[in-house]
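Accompanying notes for the structure given below.
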Amino acid sequence: MAYCQCRLRKVFGSVFSQFNWTDISIIYDRDDIHAMTTGQTLDVGLQKGGIEPYMIQYRGGSDPDYSSILEEASRHSRVIILSAPGDAIRRFMIVAYTMGYTSGDYVFMDVELFVFKSQYWGDHGWKRYSKRTGFQNDMDDSIAKQAYESLLRVALMEPQGDEFQTFSEEIKSRALRDYNFDFEDEQINFFIGSFYDGILLYGMALNETLVVGGDIRDGWNMSRRMWNRTFKGVSGDVFIDENGDRDTSYSILDMHPDTGVFHPVAHYWGDRPGYNPVQGVSIHWPNNKGPPPNTPECGFTNDSPDCQERDPIIIVFIIVIAILVAILLGGALSFTIYRKFKQEASIRDTSWIVTPDEIVYTSKGAGLSKLSLLQSINSLNRSANSIGVGVQQIFIPVANYRGLKCAVKTIDVKRLPLNRETVLQINRRRELQHENVARFIGATVEPPTLSILMEYCEKGSLEDVLANTDINLDWSFKRSLIQDIVNGMLYIHTSPVKVHGKLKSSNCVVTGRFTVKITDFGLPMLYNDGSSVKQLEHKVNNLAFWIAPEILRGSDTRATQKGDVFSFAIILQEIITRQMPYGEVRDTLDVKDVIERIKAANPVMRPEVDETCPNELRNLLQQCWIENPDKRPDFKSIKMVLRKSSKDTGNIMDNLLKRMEVYANNLEHIVEDRTSQLIVEKKKSEELLYQILPKAIAERLMNGQAVDPESFDNVTIYFSDIVGFTSLSSKSTPLQIVDLLNDLYTTFDSILENHDVYKVETIGDAYMVVSGLPIRNGSNHAKEIASMSISILGTMQTFKIRHLPKQKLNIRIGLHTGPCVAGVVGLKMPRYCLFGDTVNTASRMESNGEALRIHISYATKMALSAHGNKFNFESRGRLEVKGKGTMETYWLISARSNFQ
């Protein structure tokens, strides 16, 4: 009811459209949650409006270099949005002044949603005061004031009507009368009026539902009655759109250079979007230069060729060269025109673009539907009964796209610029059609998640097939795999793509007919997976083992065809030995050491091949990974060698049928083994679910039964937390705090096993337990919780803090008995939650208690007394409890010795 950040991009967009600004930089503080959220929201939102901002993030908590950040922004734009706390905004503007950025050539913008100061939002004004000097002006105030002349500010429009003024006075009056709080001259928060308007809106929906005889517990229909309507609220006219968001009005503010006060110069009305100037008011541009142009005359970095002085001789030389070039181009004009038309037709073809809603996932990694919890539990039960010949391992998320089964790979690219070069490369890759090359199907281009769709190959990667000991690979089978790779690489090397660059066993995929297809190539703007040479050398994994040594050690790390031949040789060694490269030395050397030896080549280091390898394959292997790249054969020569060596290996169909027979003989054993594994995993999943939800609730879900919220007439709730936890945390590391809480809650959990109780949750140092639900236990709930509390308190005498063994840990415990409602909340991470005043009162008993004491309410005392004189109490007297008024409470001292 207050505002939606999603509207900010339209507000800023109206300003940019007004002044023809298209190149924007956004600087945001990633250490401040509000600044980070605003910056990222503007990034995504402006892109939807056709503006691609240049994003700069910095760590506000680590003494940032403001001048370097501003200098980077200046290389990309003259319009800079600052999404940062108030003090950081002021620092940026002062530094911008010293750099000469506030003389009228730049414009800065920030977001101050509320014009009043607060600790959370910070002070976005230019003026500062010093308590040390008796509220005198900060020494930088004069500079800051001049700098802020270059700043435009976006803020929520303040309510102006008499109704809000009357409402504000009533708020102040009631705060002073009921809570003894004096607002003094402080302005009433805009949100308070919005909350009030929200209650009005709910009341309207409630009345309308009651009039038509509807169910007020039907949240969906109640919410729909609030959407797409307009009404008069205390904060002004309230417009709710068809999505339930408020169309909020904003103001664009400019500082008057004489008064130093920000005032509206334009509005963005919630019901009338667009830049609406305030009549009779104009923006005070520094030095009266007017709004700065989007692009400076000489470019952002002052390197525009139009601004460079030229020697007359050079000009004449350029003219002569241009004439000669024109003459030469004239002879090839027809051919150029033909290629141009063909290329333009390719650029216009965007049929490869896939929208996310067209992708229907069918396997692991596809995400969850609204019924994901019940469906995942039920499918787990069904899988144990339905496993059969069709069971197979899934190596990558699989989806259906327009009736075609595809492998979906998420790519680590923030955005995909659909420029000319990108579209040409994608269409060039699409045109590659070969039985040993995986077909490129399409890609999504809408952030935040970008994916590519490739031809799906059922058996996964060649690396997976080689590692699967259930698949028997004889030499004819291995030769067939090798031949497929050679055919695919020969096709790639003779195509316009020319080179793979990242060939390894994990991007050779295998179809259900055991045909190898090459993938992950030809799209450098998409396959940005961090596999550059410099990055790979410092990774823990072994992706650099397939890279040729001359590329590893050279300054030029571009992919080459000879480098692909070396990569093929490593794969050839994998196929021959069915072992990972350099596995024979991995017990004594780590990845970095192996790579250093490959680069040094003194002596030359290569993976080992056993004596059972046929001589012709061994010779081919040694030629392909020879140190001198010029002496390595090309794939055409490799194909000829393989053709000669495979003449006497028999008919390929006979070999294939033989492999299928061996595979089928092993299938029965595989299915039996997979079934037992599934049963074990099913049991693990059930145990994990029992830890998340009560066993009775989990069993209902697994049986496909709905779990409706349930009311309980009488339960007893336990709350506890650590006294002085904040102080303890300040002198402990995060890992030490985790160890402490783990030790403490492990101790508590062991005590819970001896009582009829259910642990609801732990949040930080808070621990919550209940008895009497989800399984009712008559009147025993108070007795179970009380005896558990006494046991927990007893363990505190011997509990030791590992990193502070001399410090005693004090906890505070509170109990209350009463009715409550319980139910499952959430789908992806379901929680069994309790609701009602009993929960709040139990929490109040804990927060108003004392260290190493059990504070109980009168209701709990009476529930315990119903069991006879089995517990010792001490009256605490009457206590003022926040939100509850005056309550009579007690201390639970101990249980009597004869208590069972």
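The values are calculated or read from the model by the stated rules, or taken from the named source; none is laboratory data. Fair warning: this is a prediction, and the values are worked out from it, not measured in the lab. We place every Cβ from the backbone using ideal geometry, glycine too, and count neighbours over all the protein chains shown.
Points to keep in mind about this one:
- Helices (runs of 4 or more DSSP H) fully within region 488-589 that include at least 1 residues being modelled with pLDDT of 85 or more: 549-553, 561-577.
- Among the conditions (1) under 19 Å from Gly244 (Cβ atoms); (2) assigned to a loop (DSSP other than H, G, I, E, B), the only one that Glu186 does not satisfy is (1).
- Subset of region 769-799 that is part of a loop (DSSP other than H, G, I, E, B) and touching a residue at least 40 places away in the same chain (Cβ under 8 Å) - its residue that is surrounded by the fewest Cβ atoms within 10 Å (Cβ to Cβ): Ile775
- Candidates Leu864, Leu809, Leu804, filtered to the one that is farther than 27 Å from Phe725 by Cβ and not in a strand (DSSP E or B): Leu864
- Selection status of Thr747, among the β-branched types (Val, Ile, Thr) and surrounded by fewer than 19 Cβ atoms within 10 Å (Cβ to Cβ): yes
- Residue count for region 293-335, restricted to those that are closer than 30 Å to Arg430 by Cα and either modelled with pLDDT of 60 or more or surrounded by 10 or more Cβ atoms within 10 Å (Cβ to Cβ) (or both): 2.
- Residue count for region 841-858, restricted to those that are within 17 Å of Ala782 (Cα to Cα) and under 42 Å from the mean Cα position of the chain (by Cα): 5.
- When residues of region 32-71 are limited to those that are touching a residue at least 40 places away in the same chain (Cβ under 8 Å) and of a type in the set (Asp, Glu), the one farthest from Trp21 (Cα to Cα): Asp32
- Output for region 506-518, where each listed residue is within 18 Å of Ile547 (Cβ to Cβ) and touching a Ser or Thr at 6+ places or on another chain (Cβ under 9 Å): Ser506, Asn507, Cys508
Here's the yes/no breakdown for (1) within 22 Å of Val79 (Cα to Cα); (2) in a strand (DSSP E or B); (3) in contact with a strand residue (DSSP E or B) (Cβ under 7 Å, 6 or more places away or on another chain); (4) basic (Lys, Arg):
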site	(1), (2), (3), (4)
Arg217	no, no, no, yes
Val238	no, yes, yes, no
Pro257	yes, no, no, no
His263	yes, yes, yes, no
Gly270	no, no, yes, no
Gly280	no, no, no, no
Pro293	yes, no, no, no
Cys298	yes, no, no, no
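- If you go through region 817-827 and keep only what is within 40 Å of the chain's Cα centre (by Cα) and part of a strand (DSSP E or B), you end up with Pro819, Cys820, Val821, Ala822, Gly823, Val824, Val825.
- Qualifying residue in region 140-163 (condition: free of Cβ contacts under 8 Å to residues at least 24 places away in the same chain and closer than 29 Å to Met93 by Cα): yes
- Any hit, region 117-136, residues being more than 35 Å from the chain's Cα centre (by Cα), surrounded by fewer than 20 Cβ atoms within 10 Å (Cβ to Cβ), modelled with pLDDT of 70 or more and of a type in the set (D, E, K, R): yes
- Among the candidates Val445, Val497, the residue that is touching a helix residue (DSSP H, G or I) at 6+ places or on another chain (Cβ under 7 Å) and assigned by TED's automatic domain parsing to the domain that holds Arg415 is uniquely Val497.
- Arg90 meets the conditions (1) in contact with a helix residue (DSSP H, G or I) (Cβ under 8 Å, 6 or more places away or on another chain); (2) assigned to a helix (DSSP H, G or I); (3) among the charged types (D, E, K, R); (4) surrounded by fewer than 23 Cβ atoms within 10 Å (Cβ to Cβ) in every case but one. The failed one is (4).
- Of all residues in region 838-861, those being surrounded by 23 or more Cβ atoms within 10 Å (Cβ to Cβ) and outside any helix (DSSP H, G or I) number 5.
- Odd one out for Lys731, checked against (1) of a type in the set (Lys, Arg); (2) over 30 Å from Ala859 (Cβ atoms); (3) not assigned by TED's automatic domain parsing to the domain that holds Glu846: (3)
- Any hit, region 423-435, residues being at pLDDT below 85, loosely packed, with under 14 Cβ neighbours inside 10 Å, more than 15 Å from Ile353 (Cβ to Cβ) and not hydroxyl-bearing (Ser, Thr, Tyr): no
- The set of residues in region 465-487 being among the charged types (D, E, K, R), assigned to a helix (DSSP H, G or I) and more than 40 Å from the chain's Cα centre (by Cα) consists of Lys478, Arg479.
- Residue in region 165-178 that is closer than 29 Å to Thr259 by Cβ, under 40 Å from the mean Cα position of the chain (by Cα) and either free of Cβ contacts under 8 Å to residues at least 24 places away in the same chain or not in a helix (DSSP H, G or I) (or both) present: no
- For region 247-292, the candidate set comprises residues that are at positive phi and out of contact with any Ser or Thr (no Cβ under 9 Å at 6 or more places or on another chain); within that set, the residue that is surrounded by the fewest Cβ atoms within 10 Å (Cβ to Cβ) is Gly280.
- Test result for Val821, in the same structural domain as Leu773 (by TED's automatic domain parsing), among the aliphatic types (A, V, I, L, M), closer than 30 Å to Ala698 by Cβ and exposed (fewer than 13 other Cβ atoms within 10 Å of the Cβ): no
- Verdict on Ser875 being hydroxyl-bearing (Ser, Thr, Tyr), assigned by TED's automatic domain parsing to the domain that holds Glu784 and closer than 20 Å to Thr838 by Cβ: no
- Of the residues examined, Asp105 is one that is modelled with pLDDT of 90 or more, assigned to a loop (DSSP other than H, G, I, E, B) and surrounded by 14 or more Cβ atoms within 10 Å (Cβ to Cβ).
- Scope region 70-85; condition surrounded by 18 or more Cβ atoms within 10 Å (Cβ to Cβ) and of a type outside the set (Lys, Arg); matching residues: Leu70, Ala73, Ser74, Ser77, Val79, Ile80, Ile81, Leu82, Ser83, Ala84, Pro85
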